[in-house]
Amino acid sequence: MPLGPEVKERYQRQLLLPEIGETGQSILSQKSVLIIGIGGLGSPAALYLAAAGIGCLGLVDGDRVELSNLHRQIIHFTPDVGKKKVLSAKEKINQLNPAVQVKVHPVDMQAARLTELTREYHFIIDATDSFSAKYMISDACVRSRTPFCHAGITGFSGQMFTYLPDRACGCFRCLFPQPPAAHILPDRVAGGVFGSVPGTLGTLQAAEAIKYLLSFGELLFNRLLVYDAKRMSFRFVVFGPSRRCPWRVFHGQTEGGRQAADDERH
Amino acid sequence: MQVTINGEKKEIPDRPTVRELLAFLEIEPETVVVERNREIFSTADFEAVRLQADDVIEILKFMGGG
């Protein structure tokens with residue numbers, strides 16, 4: 001379908017990119033991304049995906065906005081303190097780009113039927129703040145054969161990678177076989193965070209989602225990006241499917257995987 | 001002996017276990033996994049795995065924040 005004049009003007013500078021163009025823009029408007037966690041990582045990821053014209057954004061978060069979130073969770077503003085994060089985020093997304101359909105899931109991820117939910121989206125962004133959630137998302141996406149981008153941060157550092165179900169590709173458990181002992185590293189760490197670190201990684205997660213949805217460029221699979229804001233270093237650690245991963249039989253199946261999984265998505 | 005740790009060449013005591021290497025580097029073993037020559041090891045393996053000269057080691061921190 002040809003794009004209308006207002007749409008052409010809104011996305012003018014992105015339509016000029018041959019990797020996107022009018023065809024890509026039209027494809028993006030039919031794609032859906034689920035962002036789990038609307039905090040430091042999820043805020044910029046949601047804003048960039050909305051700005052780029054994703055058709056549908058799903059938002060999962062059970063928390064309300066707190067004053068101490070605002071130094072890094074840039075989708076939430078001071079008057080939002082006390083509001084549900086998914087509703088605060090939905091308002092901003094609607095203002096930024098009314099064409100984006102927003103589905104809110106105001107539940108803790110633990111309560112959501114995650115594997116089923118991931119099947120409803122074309123790409124998943126793990127923007128959560130606990131180890132248990134990160135394992136749960138990786139497991140659910142491996143099971144539902146849904147691509148996802150993982151990120152985690154602490155202090156001045158962060159790391160991320162993308163998982164592709166139709167490639168011989170390592171998952172979160174291939175990299176971190178078991179969660180850390182809770183008495184050493186609690187599931188939800190409440191340590192210091194340099195605000196722009198999740199901002200940087202959440203932005204890169206949005207870039208991965210768009211590249212995946214439009215099938216261009218090189219995705220960050222089987223490579224862990226490790227970012228250190230103090231040293232201003234970006235390093236890549238090569239990894240792959242682990243023969244000890246409980247999901248190893250899922251890593252690298254190709255036969256019709258993506259097509260079959262995509263057919264299930266609306 | 002010399003190994004590469006997180007992209008940098010480093011002189012370390014001869015043939016340590018992963019646990020000994022982490023103690024030498026003053027890193028809490030429970031907060032990391034260690035990749036040695038592209039194979040991932042976690043805490044349970046740290047005692048058993050012994051490093052050799054020229055190994056390529058990546059020490060990866062658990063990062064749970066978001």
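The overall shape of the protein assembly as shown is prolate: from the C-alpha gyration tensor, with semi-axes ordered a ≥ b ≥ c, the ratio a/c is 1.5 or greater and a/b exceeds b/c. Counting only DSSP beta bridges whose two residues both lie in segment A:1-104, roughly 10 percent are antiparallel. Once both labels are positioned 7 Å from their Cα atoms along Cα-to-Cβ, the gap between B:Asn6 and A:Leu96 label points is 3.2 nm.
Summarising the strand pairing of the protein assembly as shown, around 60 percent of its internal DSSP beta bridges are antiparallel. Just the protein heavy atoms count here, and of the accessible area of segment A:1-153 at 1.4 Å, carbon and sulfur take up 54 percent. In the protein assembly as shown, helices alone account for a calculated mean residue ellipticity at 222 nm of -8500 deg cm²/dmol, with every DSSP H run of four or more residues adding -39,500 (n - 2.57). Listed cross-link partners A:Lys211/B:Lys9; A:Lys84/A:Lys134; A:Lys103/A:Lys134; A:Lys103/A:Lys230; A:Lys8/A:Lys83 are compared with a 32 Å cut-off, the Cα-Cα value being larger for A:Lys211/B:Lys9; A:Lys103/A:Lys230; A:Lys8/A:Lys83.
Burial annotation for segment A:144-168: residues with an accessible-area loss of at least 10 Å² between the isolated chain and the complete set of protein chains, computed on heavy atoms with a 1.4 Å probe, are A:Gly152, A:Ile153, A:Thr154, A:Ser157, A:Gln159. Spacing of the modelled spin labels on A:Thr203 and A:Thr115, each 7 Å from Cα toward Cβ, amounts to 3.8 nm.
For segment A:41-139, rounded, prolate or oblate, judged on the Cα gyration tensor with a ≥ b ≥ c (square roots of eigenvalues), a/c < 1.5 rounded, else prolate if a/b > b/c? Since a/c reaches 1.5 but b/c is at least a/b, the shape of segment A:41-139 is classed as oblate. The modelled label-to-label distance between A:Ala181 and A:Ser196, using points 7 Å beyond Cα along the C-beta direction, is 3.8 nm. Checking every one of the trypsin sites (Lys or Arg not before Pro) in segment A:160-193 against DSSP loop status and a limit of 16 other Cβ atoms within 10 Å picks out A:Arg188. In this structure the protein assembly as shown gives 46 Å² per residue of accessible area when probed at 1.4 Å with all protein chains present.
Mind running the shape call on segment A:84-234? Use the C-alpha gyration tensor, a ≥ b ≥ c as the square roots of the eigenvalues: rounded below 1.5 for a/c, prolate if a/b tops b/c, oblate otherwise. Note, shape of segment A:84-234 comes out rounded. When the Cα positions of A:Gln159, B:Phe41, A:Leu49 are compared along the charge dipole of the protein assembly as shown, A:Leu49 comes out farthest toward the positive end, with charges on each C-beta of Lys, Arg, Asp and Glu. Annotation: the antiparallel percentage among DSSP beta bridges lying fully within segment A:105-236 is about 80.
Total buried accessible area between A and B, probe 1.4 Å, nearest 100: 2300 Å².
The values are calculated or read from the model by the stated rules, or taken from the named source; none is laboratory data. Since we're looking at a predicted model, the values are computed, not measured. Note: ideal-geometry Cβ built from the backbone for every residue, glycine included; neighbour counts use all protein chains shown. Each accessible area value is taken on the protein alone, full model and side chains, heavy atoms only, with ligands, DNA and RNA left out. Shrake-Rupley method; radii C 1.70, N 1.55, O 1.52, S 1.80 Å.
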